[in-house]
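Working notes, structure below.
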Amino acid sequence: MSKSSAPVSTKGQTSLLFAARPKAICKHLFELLGLMGLLVLVPMSVSLASGQYPVTLAYLAIAMICAICYAISRRISRVKQLQRNETLAVAALVFISSSLLFTLPMLQYDMSFIDAWFETVSGVTTTGLSTLPSVEDKPIAFLFARGWMQWVGGLGVIVLALAIHTQPGIETKMFGADAADVDSHIGGTRGHAKRILVVYAVLTLIGIFALLGAGSSLIDAIVHAMAAVSTGGFANRDDSFASYGMSEQWIVSIISVLGAISLHLYYRPTISSLRDSFRDPQLRCLLFLVAFVPLAVFALVKLSGGEATIGQAYFNTVSAITTAGFASSDILPFGSAAMLLICACMFVGGGIGSTAGGIKIYRLLVLFKAMQMFLRRASSGVHSQLHLRLDGKRVDYLTIENVLAIICGYLFFLVSSWLIFLAYDMPPIASLYEVTSALGTAGVSSGLTSAELPTTLKLVLIFNMLLGRVETVAIIVLLLPATWIGKRRS
């Protein structure tokens, strides 16, 4: 056998695999919880000002727990660089631990633990599903807290980048994100995260002032702007946005679209050109979907004999495309065909580097390009060299591997969760709609999510919301035995 054809030993590859270091994970997780302790002071102040003293004490308990965690983190030495499995484990643990901590104040509103946890998971993952029969009877402190959770949840990628990647030059690849997640001119350092934070805050303020100008009350403007820019979807009325005016619906839709755009595109013109931003394939694809998919949904509604106005079709479909989760009408009258098309929109989601959920438009484009390259390779010569390119840039095989892994993960958990719903004799289309909404962190509901939903199915949706927020990979890595068992880097 020639030297070039000798089999490759897996021993060397195995030696490159390291188990996660608990101390490194605790160091960064507790630092992030310390930061969350500061963020909790905002809803705590609102609850104190509105006289919700038991809720204030619950927030104070969270702040104290977070302060203790941060004090412990100061006694743990920092590693030079986190491993990929450690970064993903921290990402998963941040959303799990924060959702459990935020359950404490929710329990003060006479909710069961499972419903309180469902509400907080839906908040921090920016999903928007709710089991509550009504929110209109809840005080301002409760409504603000829901919007604040979603706004902070939308900050998740930014906060993690700031807190974990403090050393210059470390690439930001949070939640298994691809290189498209960051701008090549700025990289994944704190500078990138700070610029994103400024963009996020500016979009939020624009939403608040626009809604105030449209006639919204102050609490509605604040909560809905935070929920829209984070593509979260919590609304202050039981019918979501059905009873709000058309101007408010349009403003929320526009802010949701702005939140679904890769946030680094907003400051990209400062380092290149405005034309480069508009040439971004994700942006063009998102604008195409927003412009034409609602028309396709409306056409399917009419062809199938469903009931919906063109305004309802546009608002609900745009809400699904951006994974915002607002609704202006019930979705069941749309018919099965329209619901399935909306499911596809929730599955895809917005751009990488945005607050939207789903598999992301970039990964869909890579998948289409991979299929195109496969067909071209089938009709080309044996020795031809074909490379996958997107937006004029070559896509490496590691990125393609990540794309396929994340899409397969989404499909696996989508089908598995759907089968569990079917095992409980739930309606097939409505069940698929609900599961897709949770996994895509979209938050629009077919009506199945309620206080009467079996506890097992609530837990399935909770698991799906967490999976969707960290794009499945982080949760899988967290639960994988190989993450914790094996040789550790010193």
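The values are calculated or read from the model by the stated rules, or taken from the named source; none is laboratory data. If you're wondering where the values come from, they're calculated on a predicted model, not measured in any experiment. FYI the Cβ positions are ideal-geometry reconstructions off the backbone, even for glycines, and counts take in every protein chain you see. Protein only, heavy atoms only, side chains kept; ligands, DNA and RNA dropped before computing areas. Shrake-Rupley method; radii C 1.70, N 1.55, O 1.52, S 1.80 Å.
Laid out as a table, the results:
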read-out	value
Length-normalised contact order of segment 397-483 in % [C-alpha pairs under 8 Å, at least 6 apart]	29
Residues with amide H under 5 Å from that of ARG488, placed H, sequence gap 5 or more	ALA19
Amide H within-cut-off set for LEU390, under 5 Å, with H built and near neighbours excluded	VAL395
Around ASN316: net Lys/Arg minus Asp/Glu count, Cβ-Cβ under 13 Å	-3
Segment 310-434 - Rg (one decimal) and Dmax (whole number), Cα, Å	17.9, 56
Nearest-20 debye value, segment 278-391 charge dipole, Cβ charges on Lys, Arg, Asp, Glu	580
Surface accessible to a 1.4 Å probe, per residue, for the residues of the chain, Å²	43
Ranked packing of 35-41, 414-420, most packed first, by mean Cβ within 10 Å	35-41, 414-420
Amide H partners (placed H, <5 Å) of SER354, local residues excluded	LEU263
Reduced Cα scattering model of the chain, Debye log10 I(q)/I(0), q = 0.07, 0.12 Å⁻¹	-0.37, -1.09
Most to least packed among 208-214, 233-239 [average Cβ atoms within 10 Å]	233-239, 208-214
Segments 344-355, 450-461 sorted - mean Cβ within 10 Å per residue, highest first	344-355, 450-461
Probe 1.4 Å - accessible area at THR204, Å² to nearest ten	10
Farthest positive-ward along segment 378-490 dipole, Cα basis, beta-carbon charges - from ILE406, ILE485, SER450	ILE485
Spherically averaged projected area in nm², based on the convex hull that wraps the Cα atoms of segment 10-81	6.3
Projected label distance in nm at SER304 and ILE72, using a 7 Å step from Cα toward the beta-carbon	5.0
Cα gyration tensor category, rounded, prolate or oblate, for segment 49-137 with a/c compared to 1.5	oblate
Nearest-20 debye value, segment 340-421 charge dipole, Cβ charges on Lys, Arg, Asp, Glu	260
Helical contribution to [θ] at 222 nm, DSSP H n ≥ 4, -39,500 (n - 2.57), averaged over the chain, rounded to 500	-20000 deg cm²/dmol
Average Cα contact separation per residue, the chain, under 8 Å, 6 or more apart, as relative contact order %	18
Estimated FRET transfer efficiency (ALA242, ARG389; beta-carbon r; R0 35 Å; 0.05)	0.20
P(r), alpha carbons of segment 439-490 - 10 Å bins starting at zero, rounded %	22, 37, 24, 12, 5, 0
Global geometry of segment 198-238, whether rounded, prolate or oblate, following the gyration tensor of its Cα atoms and the 1.5 cut on a/c	oblate
Net charge over other residues, Cβ less than 15 angstrom from the Cβ of SER112 (K, R count +1; D, E count -1)	-3
Cα→Cβ-extended label distance, 7 Å offset, between LEU479 and LEU411, nm	1.9
Global geometry of segment 207-360, whether rounded, prolate or oblate, following the gyration tensor of its Cα atoms and the 1.5 cut on a/c	oblate
Length gained when the stretch ALA344-SER134 is fully extended (0.36 nm per residue, less Cα-Cα span)	72.7 nm
Accessible area of PHE374 in the full protein assembly, 1.4 Å probe (Å², nearest 10)	140
Pair ALA451, SER490: separation of 7 Å Cα→Cβ label points (nm)	6.0
Net charge contributed by nearby residues that have their C-beta within less than 13 Å of VAL152 (K/R +1, D/E -1)	+2
